[in-house]
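All remarks here apply to the structure that follows.
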Amino acid sequence: QAVVTQEPSLTVSPGGTVTLTCGSSTGAVTSGHYPYWFQQKPGQAPRTLIYDTSNKHSWTPARFSGSLFGGKAALTLSGAQPEDEAEYYCLLSYSGAYVVFGGGTKLTVL
Amino acid sequence: EVQLLESGGGLVQPGGSLRVSCAASGFTFSSYAMTWVRQAPGKGLEWVSTISGSAGTTYYADSVKGRFTISRDNSKHTLYLHMNSLRAEDTAVYYCAKVDDEADVYGMDVWGQGTTVTVSS
């Protein structure tokens, strides 16, 4: 089974920019993996931010964006806010419904 | 507004069985695949199972294959996860989630709040 890798932790200053990445043990991440990004705050259910690499839901703050970069999926936060402190998970599809979550990135806004 | 409400979690002994449910509202339930995702205490998210909108096709993670059964009752707008031969490592919060596109069986847009399953003697 594929392993999806994320940075265990990152820190960003308020108002700053940070990029979280999502890699695959099978090789480069492509649009065919349909990357998703989720935000989860302590004690809450996950919330979907980005789907199919770069698409946003109506509830996704404009400061979040998704892309592919350097063979990985990437989530960029531009203009970090204190409320963005959370765990972020990516998800890759390897064959239809067979999907794998990354281990998560704990983002600190400090 | 799309809403998902899980129920049925609780304490069960190793080797026991449990069924958790997810009541859906706010969308055409039968048109969308549905997914279960779990999260062990202090750990990350793990995909468990997905079922197509018609219930004709089911998918399982290797860790639960042969022990868990996903099903749905489209007339009741309810998703189920029947869990047998439970192990300590199945202890987790179980989330149901709606697949975001009618044509897909992967990905999620809306999540429920989760129900806690604890496997312990």
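What follows is calculated from the coordinates using simple rules that are stated; it is not laboratory data. Fair warning: this is a prediction, and the values are worked out from it, not measured in the lab. Glycine also receives a Cβ, built like all others from the backbone with ideal geometry; neighbour counts cover every protein chain displayed.
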Members of the stretch A:94-110 that are more than 14 Å from the chain's Cα centre (by Cα), in a strand (DSSP E or B) and within 10 Å of another protein chain (Cβ to nearest Cβ) | A:Tyr94, A:Ser95, A:Tyr98, A:Val99
Among residues belonging to the stretch B:21-37 that are buried (at least 23 other Cβ atoms within 10 Å of the Cβ) and in a strand (DSSP E or B), point out the one that is farthest from the other protein chains (Cβ to nearest Cβ).
-> B:Ala24
Return the pairs, sorted by first residue and then second, in which the second residue is outside any strand (DSSP E or B) and hydrophobic (A, V, I, L, M, F, W, C), the first residue lies in the stretch A:94-107 and is farther than 19 Å from A:Leu77 by Cβ, the beta carbons are less than 7 Å apart, and the residues are 6+ apart or on different chains.
-> A:Tyr94/A:Ala2; A:Gly96/B:Val105; A:Ala97/B:Val105; A:Val100/A:Ala2
Restricting attention to the stretch A:27-44, and to residues there that are touching a Leu at 6+ places or on another chain (Cβ under 9 Å) and not in a strand (DSSP E or B), which single residue is nearest to the other protein chains (Cβ to nearest Cβ)?
-> A:Tyr34
Output for the stretch B:71-121, where each listed residue is within 14 Å of another protein chain (Cβ to nearest Cβ), closer than 22 Å to B:Gly15 by Cα, hydrophobic (A, V, I, L, M, F, W, C) and surrounded by 22 or more Cβ atoms within 10 Å (Cβ to Cβ) = B:Ala92
